[in-house]
Amino acid sequence: MSTYRERREAKAERLHEWADKRDDKADAAFGKADSIAREIPLGQPILVGHHSEGHARRDQERIDRGMRSGIENTRKADEMRARAENIERAADHAIYSDDEDAIEKLRAKIAGLEAQRDRISAYNASCRSRKAAGDTSLLDDAQRADLLSIAKHCSYQLRKYGQFPAYTSSNLSGTIRATRKRLEQLGDI
């Protein structure tokens with residue numbers, strides 16, 4: 001029986017294969033349309049009433065169908081490739097319950113989240129004690145960037161004295177709680 005991670009990686013691989021097949025179909029459709037178009041002299045109009053009118057119109061329709069088919073297959077290939085990349089990107093960061101080292105990864109995640117929460121709490125405390133700008137050296141680079149982004153784009157969310165919004169700590173606490181619950185389900189705690 002394969003693990004969930006292996007099944008997700010297999011799906012991503014299938015999507016890459018399907019995308020390659022769609023690229024091949026697109027190349028074939030573009031090639032066919034191009035070969036038909038090369039037979040028509042550049043700028044040659046359809047001669048209405050001439051015996052070649054029917055053939056010229058059918059060629060025009062074949063070229064149009066070929067180009068549409070090529071474009072559609074290219075779009076579908078790009079879509080499949082994007083889905084595969086999303087699966088791979090998610091698998092790089094995800095902690096699946098059937099991973100061999102899931103318990104260690106979850107413990108490390110909890111420790112990291114608690115450290116983030118502690119840094120934010122220390123920063124918020126520094127804002128209250130000074131009644132001025134808080135000590136941003138207590139934060140890591142990502143948290144400083146988040147704080148600047150919030151201040152720039154939606155400063156109304158900042159609390160008194162420039163503290164982080166209340167939802168930041170509560171979201172971290174909720175994530176920690178959910179991760180601990182996963183550890184309990186895995187039988188670690």
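Taking all Cα pairs closer than 8 Å and separated by 6 or more residues, the relative contact order of the stretch 102-185 comes to 38 percent. Taking every C-alpha pair closer than 8 Å and separated by at least 6 residues, the mean separation divided by the residue count of the chain gives a relative contact order of 23 percent. Which shape class, rounded, prolate or oblate, goes with the chain when its Cα gyration tensor gives a ≥ b ≥ c as root eigenvalues, a/c under 1.5 marks rounded, and past that a/b bigger than b/c marks prolate? Because a/c hits 1.5 or more and a/b fails to exceed b/c, the chain counts as oblate.
Counting only residues at least eight positions apart within a chain, or on another chain, the lysines with an alpha carbon under 23 Å from that of Lys105 are Lys181. Listed from fewest to most Cβ neighbours within 10 Å, the set Leu186, Leu42, Leu139 follows the order Leu42, Leu186, Leu139. Among Asp141, Asp23, sorting on how many other beta-carbon atoms sit within 10 Å of each Cβ, with the fewest leading, yields Asp141, Asp23. The lysines within cross-link reach of Lys76, meaning a Cα-to-Cα straight distance under 25 Å and a gap of 8 or more places when in the same chain, are Lys11, Lys21, Lys25, Lys32. When the helices of the chain are scored as -39500 (n - 2.57) per DSSP H run of n ≥ 4 and the total is divided over every residue, the value at 222 nm lands at -26000 deg cm²/dmol.
Among Gln143, Ser169, Ile103, flag the residue with its Cα farthest along the positive direction of the charge dipole of the stretch 102-185, charges on Cβ as +1 for Lys/Arg and -1 for Asp/Glu. Of the options given, the answer is Ser169.
Between 0 and 90 degrees, the angle of helix 4-38 with respect to the longest Cα principal axis of the chain falls at about 30 degrees. Under the rule a/c < 1.5 gives rounded, and otherwise a/b versus b/c splits prolate from oblate, where does the stretch 4-93 land using the Cα gyration tensor? Because a/c hits 1.5 or more and a/b exceeds b/c, the stretch 4-93 counts as prolate. Within the same chain, aspartates and glutamates fewer than 8 places from Lys109 are excluded, and of the rest, those with a Cα less than 17 Å from its Cα are Asp92, Asp98, Asp99, Glu100, Asp101, Asp118, Asp140, Glu184, Asp188.
We did not get these values from a lab; they are worked out from the coordinates using the rules stated. For clarity, every value in this text was computed on a predicted model and none was experimentally measured. Ideal geometry is used to build each Cβ from the backbone, glycine not excepted, and the neighbour counts take in all protein chains shown.
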